[in-house]
Amino acid sequence: MAHAMLAKLTHELEASVVTVSEPNLTLAEKEAWLVDDTGSAAIKITDRSLNITDSGNGSSFAWARTGDMTYISCYISPNISAAAFETRLQELEAFLRTHHGNKLLIGDFNAANRAWGSSTNDRRGQLVIEMTEALGMTLLNTGHSPTFLGSGGTSIVDLAFIDDSAAGRVRNWTVLEAETMSDHRAIAIDIEDHRARPATGDHRYGGKAHALRWTKDRDKQLREQLAEILPRINTVDPISVSRAIGEAAQRSLKKIANNRKPIFWWTDEVGNARQRCNAARRRAGRARDDRKTELWRIYKDERKALKKEIKKAKAEAWQRLIEDIEHDPWGKGYRIAIGRAAPRQQVSERERWRAARELFPQCAIPMYDMQEACEPTMFSYEEIQAAAARMRMGKAAGPDGLGPEIVQAAVAASPETISGLVNDLLKSQKFPEQWKRARLALIPKAKKSPDKLPKYRPICVLDSLGKFYEQLILARLLGELEAKGGLSDSQYGFVRGRSTIDAMQDVLRVVEWCSTGSYGRRELCALILLDVANAFNSVRWPDIIQALIDKGISAYLVNLVRSYLTDRFIIVQHGDGFNATCGVPQGSVLGPLLWNFVYDEVLHLDVPVGVRLFAFADDLAMVAMGMPADELQNNANLAFDTVNRWMCSKHLTLVAEKTEAVIMTGRRDHADTRFIVGDSVVKPSESARYLGVYMDRKGTFAQHIAEAAAGTTKLTGKLSRILPNLRGASEGRRRTIAAAVTCKMMYGSEIWSKGLDKLSNAEKVNRAQRPIMLRVACAYRTVATTSLQVLCSMVPWDMLALERRATFKRAENRKAEREKTIRQWKDRWDKESRHSWTKRLIPEIEPWQTRRHGLLDFYITQMMTGHGCFSSYLSRIEREATEDCWYCDCTRDDAEHTFFDCPRWTEERSEAEHILGAFPEPETLVGEMLKDERTWKAVTAMARRIMESKEEEERSRKGAGARR
């Protein structure tokens, strides 16, 4: 609750920097706080416009620098020894001495001294005073307002010190009266801001378009403005066109508010409860001895009431998010559930520069001469429209602030202007300098480097107008490349019509070929996966140009690529950056194809007979064959040497420690086999992960299936929060979300489904399907997996995996394969004998699965499964003593008795019978429900009324039992 109240207080005060002692570590990690080594002090920069230039932590403090001020949050426990306290203080002092500039130290030292209003002095307080005086720091605490209020007394333990040189900038230091749900009171410090807030980007070309958001309802207005403004441009050049598009966007699109997001769960009732709690706390703090006990009791009661009100408000807010799933299944509720809504910790400026220098190596910039070229054919309107259509929507805007939707609208609104712009550029055979500026985005990787520094995936966020021009160049390059023979058949990355599945299938074809023949005549086969360090950012520009020339690409396109590569600028932080001197920009349109031009050479190297190379982007797989093992080893090592020499010639580096190898054939494990990569030795392992699928030595895919099943189950566990059995989204929306879970499990199923011959693998796959089906059907967790599959109309995942394998690249077979899958599913269902009730109701799968109406809910699912508020079921799970019906003399109350026989529910059955004509038997019930929407609703309404009444009865019986 303390974190929740802190969030509200931060929003009300518009605080830019927040420090806390003894944070909730789970929430601190989720909310991207900077925490000290002991988890007892934390700091957060809540103003996203502030630039964190550096940050770090120690054993009792965490700190962040922004502008000309370093903020330090400190906490030293009262339970540590005097010697340990001095050690912590010495570490803090060493930090304060070595970090120059203004510093603001805030924290709970659990120390007493009259200097800050304590009634006594202690050794700890004296040490704090001596340290801050030696450092030239001023105490900000004023007055005698206690910062800690407990029923046993009050004290001043929360302190703030600032450098003498910055003390004049402190406007106010205040102990707030606001309730914090903690024994400590909040302290607000108002500091005059001397530093200019940095701009949020480089907007020289797009005006204030960065503060605008494209929405579908504003697209018509945008196009009208573009059609009016663009034709009036006097000089059609990149800067003028960007400015004109930015002006049109300003006139027509909504501005993005820079205000802080409100606390979504806050209500007036919580605000009123907080006011009462604040008033009670003030009275208790000022009470005389004769009324102190009573007033502290009143305050505690008010705090309990506030806590209860917050819980209620949060529950109602979460329920609203759950209900919103029906209208927006991928909205805020979904993002919160899977952990994508949490703020990402801001990377400090120092860390950004470190990562940028490491990721973008510097090399000598080559001098280029333009090739003589014939005048190229101008871009046609058809090419321009096709390029605009290929732009990926929803991507971040580049430095000019113009998103892809805005550029696409500009092409549609004034194709003549855009055509004139790109054709003038084509004539000059140059790529504009302003479109070569990229804003660097660092995406954190899960794993850290060996020296424990964070690792990042760099994305170059480029202007959308430039990416549109890249699309035009890309189409021309691809056209010429295909006409001149294309790339190697062993290159699968960034190639239209090819995927990771194609690459894995071709690798396994070689492995299977080695496995043919009688034992003793089979070839041994090893799969070796090579990793290239920082490949895309390290490839040299001359190698790219030479690869284009070697492929016979037209001179004008070579000149365009030369211009595209040179003078590229990486914006690291607020307009500051450096020139790139090699590499292809990740996040660009042309980058992947230019990489393929260079990397295609490795696939044509002269490697030993019995070695095949396969590439997907920068991933290189080597399949080496040979018999006996020595021959396999020699073939692989010779190929390694050849590949490594080529890599060195291109200034690329193989990472030996990331190289994986597994011998895919043979009964022996060949533990003595060794592969040499550079100066390192690689030993074969039991499995290796290739393009997201674990390939194992025995070809069972057991490890992959286990890992994928665990990951899918974990995802479903997260999604369960937004898919409750009651008062949640409809079955239709639940099935939509379930499709995303299915996709996660089914990745690579065209490959790993070969391991489903092993029964344990098939069982793992179907067990992983079970949790999401429970959410779709709103079912009790005791319902059998086979019944859930039928009830949810979800093909068993083991069968679906085999179907996907059979239909991969065979679209014409999909209908026939689905019919085959349904027949196999029916055969499995017909053999099912454990769950006779659901089978009696749904004897045939296909009519149920192909119905056009009717949604499941919590009540109809109980009727269809027999798992719910029935005495026979409650007795089985030990919530009832007997199976007797509560309303008649029947000795077994199950779903059949409740819905078809019990006299208590005659009226409910009669109402359904009025619609159905005659109340059916269990074997014909589903047939009646499937006739039309009316009959379905009649049965579901009956089921709802009966089950709600029975649940109310169960609650009453349970309450009566508890009272006895």
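The values are calculated or read from the model by the stated rules, or taken from the named source; none is laboratory data. Predicted model only: the values in this text are computed from it and were never measured. Heads up, the Cβs are rebuilt from the backbone with ideal geometry, glycines too, and the neighbour counts pull from every protein chain shown.
Just checking, does the stretch 672-681 include any residue being surrounded by 14 or more Cβ atoms within 10 Å (Cβ to Cβ), in contact with a helix residue (DSSP H, G or I) (Cβ under 7 Å, 6 or more places away or on another chain) and either in a helix (DSSP H, G or I) or on the phi > 0 side of the Ramachandran plot (or both)?
The answer is yes, given that some residue of the stretch 672-681 is surrounded by 14 or more Cβ atoms within 10 Å (Cβ to Cβ), in contact with a helix residue (DSSP H, G or I) (Cβ under 7 Å, 6 or more places away or on another chain) and either in a helix (DSSP H, G or I) or on the phi > 0 side of the Ramachandran plot (or both).
If Asn559 passes every condition in (1) touching a helix residue (DSSP H, G or I) at 6+ places or on another chain (Cβ under 7 Å); (2) touching a residue at least 24 places away in the same chain (Cβ under 8 Å) but one, which one does it miss?
Failing condition for Asn559: (1).
Take the stretch 155-197 and flag every residue that is assigned to a strand (DSSP E or B), touching a helix residue (DSSP H, G or I) at 6+ places or on another chain (Cβ under 8 Å) and modelled with pLDDT under 90.
Once the filter is applied, which keeps residues that are assigned to a strand (DSSP E or B), touching a helix residue (DSSP H, G or I) at 6+ places or on another chain (Cβ under 8 Å) and modelled with pLDDT under 90, the stretch 155-197 yields only Ile191.
Please name all residue pairs, on different chains or six or more residues apart, with Cβ atoms under 8 Å, provided the first residue is in the stretch 30-50 and is not assigned by TED's automatic domain parsing to the domain that holds Phe61 and modelled with pLDDT of 90 or more and the second residue is of a type in the set (Ser, Thr, Tyr) and not in a loop (DSSP other than H, G, I, E, B).
Between residues of the stretch 30-50 that are not assigned by TED's automatic domain parsing to the domain that holds Phe61 and modelled with pLDDT of 90 or more and residues that are of a type in the set (Ser, Thr, Tyr) and not in a loop (DSSP other than H, G, I, E, B), there is no close pair.
Take the residues in the stretch 297-340 that are small (Gly, Ala, Ser) and surrounded by fewer than 17 Cβ atoms within 10 Å (Cβ to Cβ), then tell me which one is nearest to Glu179 (Cα to Cα).
Ala305
Within the stretch 659-682, can you find the residues that are modelled with pLDDT of 90 or more and of a type in the set (D, E, K, R)?
Glu660
Among the candidates Val602, Val609, which residue alone is surrounded by fewer than 22 Cβ atoms within 10 Å (Cβ to Cβ), outside the structural domain of Pro458 (by TED's automatic domain parsing) and among the aliphatic types (A, V, I, L, M)?
On inspection, the qualifying residue turns out to be Val609.
Among residues belonging to the stretch 370-404 that are acidic (Asp, Glu) and in contact with a helix residue (DSSP H, G or I) (Cβ under 9 Å, 6 or more places away or on another chain), point out the one that is surrounded by the most Cβ atoms within 10 Å (Cβ to Cβ).
Asp400
If you take the residues in the stretch 725-740 that are farther than 17 Å from His327 by Cβ, of a type in the set (A, V, I, L, M) and touching a residue at least 24 places away in the same chain (Cβ under 8 Å), which one is surrounded by the fewest Cβ atoms within 10 Å (Cβ to Cβ)?
Leu726
Scan the stretch 97-118 for residues that are aliphatic (A, V, I, L, M), crowded, with 19+ Cβ neighbours inside 10 Å and over 37 Å from the mean Cα position of the chain (by Cα) and jot them down.
Once the filter is applied, which keeps residues that are aliphatic (A, V, I, L, M), crowded, with 19+ Cβ neighbours inside 10 Å and over 37 Å from the mean Cα position of the chain (by Cα), the stretch 97-118 yields Ala111, Ala112.
Among Leu25, Leu89, Leu6, which is under 29 Å from the mean Cα position of the chain (by Cα) and buried (at least 19 other Cβ atoms within 10 Å of the Cβ)?
Leu6
Given the criterion touching a Phe, Trp or Tyr at 6+ places or on another chain (Cβ under 8 Å), among the small types (Gly, Ala, Ser) and modelled with pLDDT under 75, identify the matching residue among Ala287, Ala209.
Ala287
Inspect the stretch 807-816 for any residue being surrounded by 16 or more Cβ atoms within 10 Å (Cβ to Cβ) and under 38 Å from the mean Cα position of the chain (by Cα) and give the result as yes or no.
Yes.
If Ala710 meets every condition in (1) among the aliphatic types (A, V, I, L, M); (2) closer than 23 Å to Val532 by Cα; (3) in a helix (DSSP H, G or I) apart from one, which number is that one?
Unmet for Ala710, out of (1) among the aliphatic types (A, V, I, L, M); (2) closer than 23 Å to Val532 by Cα; (3) in a helix (DSSP H, G or I): (2).
Looking only at the stretch 99-128, count every residue that is closer than 27 Å to Asp54 by Cα and either at pLDDT 90 or above or touching a helix residue (DSSP H, G or I) at 6+ places or on another chain (Cβ under 8 Å) (or both) and tell me the total.
Matching residues across the stretch 99-128 total 9.
Count, please, the residues in the stretch 32-59 that happen to be touching a Pro at 6+ places or on another chain (Cβ under 6 Å) and within 20 Å of Ala2 (Cβ to Cβ).
Matching residues across the stretch 32-59 total 2.
I'd like to check something: does the stretch 434-453 contain any residue that is at pLDDT 90 or above and assigned to a loop (DSSP other than H, G, I, E, B)?
Within the stretch 434-453, not a single residue is at pLDDT 90 or above and assigned to a loop (DSSP other than H, G, I, E, B).
Within the stretch 329-358, track down each residue that is assigned to a helix (DSSP H, G or I), over 13 Å from Tyr456 (Cβ atoms) and either in contact (Cβ under 8 Å) with a residue 40 or more places away in the chain or among the aliphatic types (A, V, I, L, M) (or both).
Matches in the stretch 329-358: Gly333, Tyr334, Ile336, Ala337, Ile338, Glu349, Arg350.
Mind checking which helices (runs of 4 or more DSSP H) fall wholly inside the stretch 214-292 and carry at least 2 residues that are outside the structural domain of Glu177 (by TED's automatic domain parsing), hydrophobic (A, V, I, L, M, F, W, C) and closer than 27 Å to Glu14 by Cβ?
Helices (runs of 4 or more DSSP H) meeting the threshold: 268-285.
Mind checking which pairs have a first residue in the stretch 112-132 that is farther than 14 Å from Ala160 by Cβ and a second that is among the hydroxyl-bearing types (Ser, Thr, Tyr), Cβ under 8 Å, 6 or more apart or different chains?
Hits for this filter: Ala112/Ser118; Ala112/Ser119; Ala112/Thr120; Ala112/Ser155; Arg114/Thr120; Ser118/Ser155; Gly125/Ser118.
Glu383 is checked against (1) touching a residue at least 12 places away in the same chain (Cβ under 8 Å); (2) within 28 Å of Ala555 (Cα to Cα); (3) part of a loop (DSSP other than H, G, I, E, B) and fails just one. What number does that condition carry?
(3)
Can you confirm whether Lys698 is farther than 14 Å from Gln769 by Cβ, basic (Lys, Arg) and within 22 Å of the chain's Cα centre (by Cα)?
no
Restricting the first residue to the stretch 485-501 and requiring it to be at positive phi, which pairs with a second residue that is part of a loop (DSSP other than H, G, I, E, B) and surrounded by fewer than 18 Cβ atoms within 10 Å (Cβ to Cβ) meet a Cβ separation below 9 Å and a spacing of at least six or different chains?
Gly485/Lys551; Gly485/Gly552
Does the stretch 840-858 contain any residue that is at positive phi, assigned by TED's automatic domain parsing to the domain that holds Lys764 and of a type outside the set (Lys, Arg)?
no
State all residues of the stretch 400-411 that are in contact with a Leu (Cβ under 8 Å, 6 or more places away or on another chain) and either outside any loop (DSSP other than H, G, I, E, B) or within 13 Å of Pro238 (Cβ to Cβ) (or both); if no residue qualifies, say none.
The answer is Asp400, Leu402, Ile406, Val407, Ala409, Ala410.
Can you spot a residue in the stretch 756-779 that is free of Cβ contacts under 8 Å to residues at least 40 places away in the same chain, more than 24 Å from Glu832 (Cβ to Cβ) and not in a loop (DSSP other than H, G, I, E, B)?
no
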